[in-house]
Amino acid sequence: MTTNSTPVDYGRLIVRGDDRSGIVSAVSAVLARHGANIVSLDQASGDAAAGRFFQRTVFHLEDLSAKLDSLQGELDDTLGRDLALDFQLVEAKRSKRVAVLVSKADHCLLDLLWRQRRGEVRMKIPMVISNHADLGDDVRGFDIPFFHVPVEKGNKDVAEKEQLSLLKGNVDLVVLARYMQVLSGDFLEEVGVPVINIHHSFLPAFMGAGPYQKAKERGVKLVGATAHYVTEDLDEGPIIEQDVIRVSHGDSAADLQRKGADVERAVLSRAVSWHCDDRVIRDGNSTVVF
């Protein structure tokens, strides 16, 4: 069964806040009063005495769309006002709209497009934006609009304004699938949705050009990748997923790059899938992944 086969009338309730007695009971009671049946419930607490609380609840409620406002209202009162918790209520059937930004490397982009087409990730990709024209034909082969927005040296703000005109109000998530430009703080603030990036885990030890050659010269035994949310601090945002693969002295720099690309594809697809299924809860510069 593919990810996109989730039945209608399923909802997700994501809760985050300071831990205290009675949260699980309060969530269950509200859902029960509205006739919802809890299908799964995952929760975690950083410290039973004075920690942070996180919970992801999946439930079934017949005619959920019609009852959503009423349920939202009682959750506002019980969780938001009485317990001072942050929460998000979503319909599971509504796929997130995911824009992909890319430069010239195609491995992460094509993997996401392929997984969307197969229904392996619950998302819709309404557009791909690139600062190079190289991948246009590949993207259009998936019947997805491709926008070429060049980034001229010294005029990045012009390109970002054009990107924002395409993105704002039209997407729920932006994914940097090896997009080789640093986004400005103004862009991150104005786009209004989370941004996920993928990079090789050599950072910061092998920064700059030719990281795999530098890694080869140092005789590394592992290569890997990290997917994280983007903040103004370059590559310092909350980590969603990481993975590594062993390599040996016999591997060339090209071998390291090929193996690294395999890990990048897998790590990014998992991170995007988890985000689209509301499994990732951000808390400061950290995440909880259910």
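The values are calculated or read from the model by the stated rules, or taken from the named source; none is laboratory data. Every value quoted in this text rests on a predicted model; they were computed, and no experiment measured them. As a convention, Cβ positions derive from the backbone with ideal geometry for all residues, glycine included, and neighbour counts pool all protein chains shown. Note: accessible area is taken over every heavy atom of the protein model, side chains too, but ligands, DNA and RNA are not part of it. Shrake-Rupley method; radii C 1.70, N 1.55, O 1.52, S 1.80 Å.
Values as computed for the structure displayed
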quantity	calculated
Spatially proximal lysines relative to Lys259 (Cα-Cα < 24 Å; intrachain offsets below 8 disregarded)	Lys104, Lys214, Lys216, Lys221
Candidate lysines for bridging to Lys93, where Cα separation is under 29 Å - those fewer than 8 sequence places away on the same chain excluded	Lys67, Lys124, Lys168
Dipole of the chain, positive direction: furthest Cα of Gln213, Val100, Tyr229, with charges on the beta-carbon	Gln213
10 °C / 1.306 mPa s Stokes-Einstein diffusion coefficient of the stretch 5-78, Kirkwood radius on C-alpha pairs, µm²/s	122 µm²/s
Total charge dipole magnitude, the chain, about the Cα centre, Cβ charges on Lys, Arg, Asp, Glu only, Debye to nearest 20	800 debye
Amide H contacts under 5 Å for Glu236, placed H, 5+ residues apart	Thr231
Expected-Rg normalisation [2.2 N^0.38 Å, Cα atoms] applied to the stretch 141-210	1.24
Estimated distance in nm for a label pair at Asp262 and Lys67, the labels positioned 7 Å out from Cα along Cα-to-Cβ	4.8 nm
Debye intensity ratio in log₁₀ form over the Cα atoms of the chain, taken at each q of 0.13 Å⁻¹	-0.98
Percent accessible area from carbon and sulfur atoms, the stretch 170-290, protein chains only, probe 1.4 Å	49 percent
Area projected by the alpha carbon convex hull of the stretch 75-134, averaged over all directions, nm²	6.1 nm²
Solvent-accessible area per residue for the chain (1.4 angstrom probe, square angstrom)	49 Å²
Degrees separating the helix 156-167 axis from the principal Cα axis of the chain, which is the longest one	40 degrees
